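Notes follow the structure.
The values are calculated or read from the model by the stated rules, or taken from the named source; none is laboratory data. None of the values given here were measured: they were computed from a predicted structure. In this analysis, Cβ positions are derived from the backbone assuming ideal geometry, glycine residues included, and neighbour counts consider all displayed protein chains. The accessibility values were calculated without ligands, DNA or RNA, using every heavy atom of the protein model including side chains. Shrake-Rupley method; radii C 1.70, N 1.55, O 1.52, S 1.80 Å.
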Amino acid sequence: MLESCAQLIDELGYDGVTTTLIAERAGVAVGSLYQFFPDKRAVVQALTQRNLDHFMAEIGRRLDEAPLERWGQAADLIFDIYVQMYREVPGFSRIRFGDVVDLRLIDDQRDNNTVIADSIATFLAERFDVSFDELRLPVAVANEIADSILNLAFRRKLFPEDVVIAEAKQVVRDYVSSKNFGS
């Protein structure tokens, strides 16, 4: 059902998707869909959580493959994963981490960007033995910078995508490289 929802979001956008369409695409009765999800928002919320889980798993996998010497390399790696998901994961380019649906889609207590930034900060703190409190603000700032500049690349499309992505990576890389984590 989640995959069907993602495909429909790619084709029709969030507003064009209905629970009936999701059920039809998934080959199930709409009543079956309602056994798992009370409404379309809940389906998209589950899809968004799946995307976040995939994002964090990819960060871990790629960090295991490529030991980092500088924090800027971690920023580049995270950018690359996000861009790849934007281009390849069904539905992601339209809903990303749910912000176009609801700024508190992932967690009703925190906005989506805070959930994402806290997830990244928690992961990096554990991975690199640095305190979460030390990483939380810089990761939140880097996440907001990246989100804003990627908005220019992907949603506003005023300039060539790859040029804007390179600019965004440079800005975030410079910012996080200026921090002295763990010292």
Practice task
Take the solvent-accessible surface of the protein heavy atoms, probe 1.4 Å, and return the percent of it on the chain that carbon and sulfur atoms account for.
Solution key: 50
Problem - Label-point separation in nm, ALA46 to ASP10, each point 7 Å along Cα→Cβ - result: 2.0
Exercise for the section: Return the Rg/Rh value of the stretch 1-59, two decimal places, where both radii are evaluated on C-alpha atoms and Rh is the Kirkwood radius. Expected result: 1.00
Fill in the blank from the handout: With the 8 Å Cα cutoff and a minimum separation of six or more residues, the chain has a relative contact order in percent of 20
Exercise for the section: Report, in debye and to the nearest 20, how large the dipole of the chain comes out about its Cα centre when Lys and Arg carry +1 and Asp and Glu carry -1 on their Cβ. Expected result: 260
Problem - Extension gain, PHE36 back to VAL163 (0.36 nm per residue minus Cα-Cα distance, nm) - result: 41.5 nm
Completion exercise
Of all GluC sites (Glu not before Pro) in the stretch 1-102, the ones in DSSP coil with at most 12 other Cβ atoms within 10 Å are GLU69
Handout entry: Solvent-accessible area of PHE128 with every protein chain in place, 1.4 Å probe, in Å² to the nearest 10
Key = 70
Practice task
With a ≥ b ≥ c taken as the square roots of the eigenvalues of the C-alpha gyration tensor of the stretch 100-154, please select rounded if a/c is under 1.5 and otherwise prolate if a/b is larger than b/c or oblate if it is not?
Solution key: oblate
Completion exercise
For LYS179, counting only aspartates and glutamates whose alpha-carbon sits under 16 Å away and dropping same-chain residues fewer than eight positions off, the answer is GLU69, ASP76, ASP129, ASP133, GLU134
Fill in the blank from the handout: For the stretch 1-77 the mean separation of alpha carbon contacts under 8 Å (6+ apart) over residue count, i.e. relative contact order in percent, is 26
Exercise for the section: For LYS157, go through the lysines and keep the ones whose alpha-carbon is under 30 Å away, minus same-chain ones fewer than eight residues off. Expected result: LYS40, LYS169
Handout entry: Charge dipole (debye, nearest 20) of the stretch 81-130; +1 at Cβ of Lys and Arg, -1 at Cβ of Asp and Glu
Key = 240
Fill in the blank from the handout: Rounded to the nearest 0.05, FRET efficiency between ASP80 and VAL130 (Cβ-Cβ, R0 22 Å) equals 0.50
Completion exercise
Taking placed amide H atoms and a strict 5 Å upper bound, the residues 5 or more places from ARG110 or on another chain that come that close are none
Exercise for the section: Using the 2.2 N^0.38 Å rule of thumb for compact globular proteins, work out how the stretch 33-119 stacks up: its C-alpha Rg over that value, please. Expected result: 1.19
Practice task
Find how much the distance from LEU68 to VAL141 grows on full extension, using 0.36 nm per residue of separation minus their present alpha carbon separation; answer in nm with one decimal.
Solution key: 24.2 nm
Fill in the blank from the handout: Taking the chain and counting helices only, DSSP H stretches of n ≥ 4 at -39,500 (n - 2.57) each over all residues, the nearest-500 ellipticity at 222 nm comes to -23500 deg cm²/dmol
